[in-house]
Structure formats: C-alpha cells, structure tokens
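Structure first, then comments.
We did not get these values from a lab; they are worked out from the coordinates using the rules stated. This is a predicted model, so every value here is computed, not measured. Cβ coordinates were reconstructed from backbone atoms using ideal geometry, including for glycine residues, and neighbour counts include every protein chain displayed.
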Amino acid sequence: MSTRICLVRHGETAWNAERRLQGHIDIPLNEKGHAQARATAAGLAGERFSAAYCSDLQRARQTADSIVTRCGLAPEFDAQLRERHYGAFQSLTYDEARARFPEAYRHFESRDPAFVFPDGGESLREFAARIHDVLHRIARAHQGGQVLVVTHGGVLDIAHRLATGKPLDAPRDFTIPNAALNWIEWHGDSATDWSLIAWARQDHLTDSLDELPDA
C-alpha cells in the first residue's frame, strides 16, 4: 500500500526576508509567517491525515500548530526533519557567506555532494541520507494513509529529488516557497519507489518567498 505525504515548508521568518541562512538556529516566524501558517491550515481543511510530523525547530513547530489544530492532530516532533546544518554559514546572508568564505561558497553553490561546511556543518550527501531515512520511516509507518510533514526548504529540495530521481548536484529548477503544499507518494521499499504528485501549490497564499535568494 502506498503512503501520500504532504510536505509544508515553514512560514516566513525575519531571516528568510533578510536572505539569511538559518540552518539549525532556532528562529521564530514573523507576522507574515504566522498569517501564512493560518492560510495553509485553511487550505488543508478538507484533507484528512493519519499522522503529522514536524521538525523540532520553532519556525516549523509554529507553522504546524495552526495546521494540526484545525486538522485535529497531535504532531510528532523529530530532529531528523531539521534543516541542513550550514556550519559557519549559519546566521550569515548569502552575500556575507560568499564574501567571507569564497572557496567554500563555490562548493556550496555548485552543490558539491561531498562538501562539508566549516564548523560542524553537513555535507549534501549526509543531509540527503538523513532526509531519505526519515521519509522512508514515516512512509513505512503509515502505509495506506496520508501524512503531514512540516519542515524546511532544504528538506523539501531533497524530497523533490527523491521523488523525481534528480541528482543531488543538479541545479534546482523548481521552487520551494514558504508555506506552500508539496505532495509526494511512496509505493514500496525500493529507493526508486517514490513519485511526485504536486509541487509548490500556493493558491491559498498571497505572497511567498522561495528558499533561494535569486528565485
């Protein structure tokens, strides 16, 4: 039996608006982000979910609060659903990171799967393995059901690639807006048993920032 997963990126934060890398730093939603969370809850009012999972960072938790209250669910908070750890890049804007760490930024921008951020960051390959593991675990636990997952932009990047077979190092040609709805489906135990149903649906939103600064 298959499992449908609705992935929601958290609502906007002040650091999103500043194009500042958050990673594991625990930044709350701004006023617009709270409004987006409420709009997403309304947009999902007709859906029925068998379970809800959420990153343990507060921007995701605050987004999930509005949705699960309306859907009557108690979310499970999971640190495996956190954003990628950006190491020394965390708290910097993209421009600041480029200026301060030009060589490291080149690897980051080119999506080098083996590149590890200085000061404790994750490589893209390590991050992808973490997200693959948690999504497979969730999908297997709810076969035949529909699950809500509230998480982060980098996680959605990996989920889209998992569902479409796009390589980690391929340039991103899809958007990841705050609080949009993204649907994928798992069909079995194989790594290729995923498909994309719908992506970046934002009919319920009036305005939303993409995860990357130039999009």
* **Rough spin-label spacing in nm, given labels placed 7 Å along Cα→Cβ, for ARG98 and ASP112** => 1.8
* Isotropically averaged projected area of the stretch 1-96, using the convex hull of Cα atoms (one quarter of hull area), nm² -> 6.8
* Asked: In whole Å, what is the distance between the alpha-carbon centres of the stretch 96-136 and the stretch 13-59?
  -> 23
* To do: Describe numerically, in nm with one decimal, the distance between label points set 7 Å from Cα along Cα→Cβ at SER50 and at GLU185.
  => 1.5
* How far, in nm, would the chain grow between SER195 and ASP26 when pulled straight, counting 0.36 nm per residue and subtracting the alpha carbon separation? -> 57.7 nm
* To do: Please sort 148-156, 61-69, 15-23 by packing, taking for each peptide the average over its residues of neighbouring beta carbons within 10 angstrom, highest first.
  => 148-156, 61-69, 15-23
* **Charge tally in the Cβ shell below 11 Å around PHE115, where Lys, Arg are +1 and Asp, Glu are -1, PHE115 excluded** => -3
* Structure fact -> Most exposed to least, judged by fewest other Cβ atoms within 10 Å, PHE174, PHE108, PHE117 sort to PHE174, PHE108, PHE117
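For the chain, compute Rh as the Kirkwood radius over C-alpha pairs and then the Stokes-Einstein diffusion coefficient at 20 °C and 1.002 mPa s; write the answer in µm²/s, rounded to an integer. Write out the running numbers ahead of the final one.
On the way: Rh = 17.2 Å.
Once the numbers are plugged in, D ends up at 125 µm²/s.
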* To do: Give me the number: length gained by fully extending LYS166 to GLU126, i.e. 0.36 nm times residue separation minus the C-alpha to C-alpha distance, one decimal in nm.
  => 12.7 nm
* Using the alpha-carbon atoms, what tilt in degrees (0 to 90, nearest 10) does helix 153-164 show relative to the longest principal axis of the chain? -> 70
